[in-house]
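The block underneath contains the structure these notes are about, expressed in structure tokens.
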Amino acid sequence: MREQLNIIKQKAIEELKTLDTPKQLEEFRVKYLGKKGELTAILKQMGSLSEEERPIIGKLANEVRLFLEDEIESKSNQLNSLALEQRLREEKIDVTIPGKRRRIGAMHPLSIVQKELEEIFIGMGFDIVEGPEVELDYYNFEALNIPKNHPARDTQDTFYITENILLRTQTSPVQIRTMEKKKPPIRIIAPGRVYRSDAVDATHSPLFHQIEGLVVDKGITMADLKGTLDTFAKRLYGEDAKLRFRPHHFQFTEPSAEVDVMCFACHGEGCRLCKGEGWIEILGAGMVHPKVLSICGIDPEVYSGFAFGLGLERITMRRYNINDIRLLFENDVRFLRQF
Ligand code: DAH
């Protein structure tokens, strides 16, 4: 039995060296010291020993047990600190590396102003609608009373997909699309991109933005148009904003006007901002042409309406003192970061 105990001890010492996980160590403990373990098996046989041998073997077995318990404990400590070291190595962070700066994006100046204008019109009970940028000739021109070969098309040359499909030159086609679908009362604005094959310079871009407005109902008059635009101008430029309506011609309105706001820098005196005019043009407007109403299936004897269209870039550029339209589209972050 003494021999057996020595064998178990030697075997255990050898085996211990090969263990490298806490799980293996636990299996080792069970194998030797567990209820059915090898050492336990020996201890169970003690009863068969003689009186003299029992205390001697008992002592020896106890020593082996204590020895194994010690070994297991120190091996366990060793494995734990190895595991810790490994984790520390894997999770090492270099606190001296400069951090990655995550810049938070911001709204584009055109979006800021568009949103502001939308809020103003929403406050007056308008709905916001959208129309396609790739548009039929019919909606962009024909139904707006601009027939083929009409000189009014000259200032609105654009990019053609086919002979009858083009990139819209104005947001006015959304008027037609709206009136085709919805019967009065109608009160909408339609913001969006428009295109013209203009050469690029400080004030021209082949892509720009407009906001269209349309109101159709019974008994709508020029007074409603003036009142609406007046309220709009006051919300946008302040209570002392003044508008001036100049007679003009648009194919789809009659009468038509161009609308100026009194220069907010010089109050009509004439300065650099308004180029000495005292007034700054902000939009085109008019009473919807009876022909246009008819084309959309709305009886001009019963209904009337007004419409207007404004350019977003101009308003934005004046708002932020931007002197070149290209800055709005180059998307140089050094420029955009300022807003
Ligand atoms: N669509 C016109 C343009 O691009 C602007 C405009 C003028 C729109 C008068 C209107 C309007 O709705 O009534 O020049």
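From the list Ala233, Ala265, exactly one residue is modelled with pLDDT under 95 and of a type in the set (A, V, I, L, M). Which is it?
Ala265
For the structure I just gave you, tell me whether Ile120 is more than 14 Å from the ligand (Cβ to nearest atom) and touching a Lys or Arg at 6+ places or on another chain (Cβ under 6 Å).
yes
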> Which members of segment 306-324 meet the condition of being touching a helix residue (DSSP H, G or I) at 6+ places or on another chain (Cβ under 7 Å) and surrounded by 20 or more Cβ atoms within 10 Å (Cβ to Cβ)?
Replying inline: Phe306, Ala307, Phe308, Leu312, Glu313, Ile315, Thr316
>> On the basis of being assigned to a strand (DSSP E or B), free of Cβ contacts under 8 Å to residues at least 60 places away in the same chain and within 16 Å of the ligand (Cβ to nearest atom), does Val216 make the cut?
In response: no
>> Can you go through Thr155, Thr169 and tell me which one is within 16 Å of the ligand (Cβ to nearest atom), β-branched (Val, Ile, Thr), surrounded by fewer than 21 Cβ atoms within 10 Å (Cβ to Cβ) and in the same structural domain as Glu254 (by TED's automatic domain parsing)?
In response: Thr155
> Scanning segment 42-62 for residues that are among the small types (Gly, Ala, Ser) and closer than 11 Å to Leu5 by Cβ, which turns out surrounded by the most Cβ atoms within 10 Å (Cβ to Cβ)?
Replying inline: Ala61
> Does segment 283-313 hold any residues that are over 16 Å from Gly219 (Cα atoms) and within 11 Å of the ligand (Cβ to nearest atom), and which are they?
Replying inline: Leu283, Gly284, Ala285, Val292, Phe308, Gly309, Leu310, Gly311
> What are the residues in segment 219-251 that are within 13 Å of the ligand (Cβ to nearest atom) and out of contact with any strand residue (DSSP E or B) (no Cβ under 8 Å at 6 or more places or on another chain), if any?
Replying inline: Gln251
>> Taking the criterion of being surrounded by fewer than 16 Cβ atoms within 10 Å (Cβ to Cβ) and in contact with a strand residue (DSSP E or B) (Cβ under 7 Å, 6 or more places away or on another chain), would at least one residue in segment 135-152 satisfy it?
In response: no
> So which residues in segment 219-256 are in contact (Cβ under 8 Å) with a residue 60 or more places away in the chain, touching a helix residue (DSSP H, G or I) at 6+ places or on another chain (Cβ under 9 Å), over 24 Å from Arg318 (Cα atoms) and not aromatic (Phe, Trp, Tyr)?
Replying inline: Gln251
>> Checking Glu142 against (1) within 14 Å of the ligand (Cβ to nearest atom); (2) modelled with pLDDT of 95 or more; (3) over 17 Å from Glu313 (Cβ atoms); (4) not β-branched (Val, Ile, Thr), only one condition comes out false. Which one?
In response: (1)
>> I'd like the full set of residues that are more than 13 Å from the ligand (Cβ to nearest atom) and either small (Gly, Ala, Ser) or modelled with pLDDT under 95 (or both), limited to segment 183-199.
In response: Lys183, Ser197, Ala199
> Quick one: would you say Leu327 is surrounded by fewer than 19 Cβ atoms within 10 Å (Cβ to Cβ), more than 12 Å from the ligand (Cβ to nearest atom) and in contact (Cβ under 8 Å) with a residue 40 or more places away in the chain?
Replying inline: no
> How many of the residues in segment 84-127 are assigned to a loop (DSSP other than H, G, I, E, B) and modelled with pLDDT of 95 or more?
Replying inline: 4
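The values are calculated or read from the model by the stated rules, or taken from the named source; none is laboratory data. Predicted model only: the values in this text are computed from it and were never measured. Methodologically, a virtual Cβ is constructed for each residue, glycine included, from the backbone with ideal geometry; neighbour enumeration extends over all protein chains shown.
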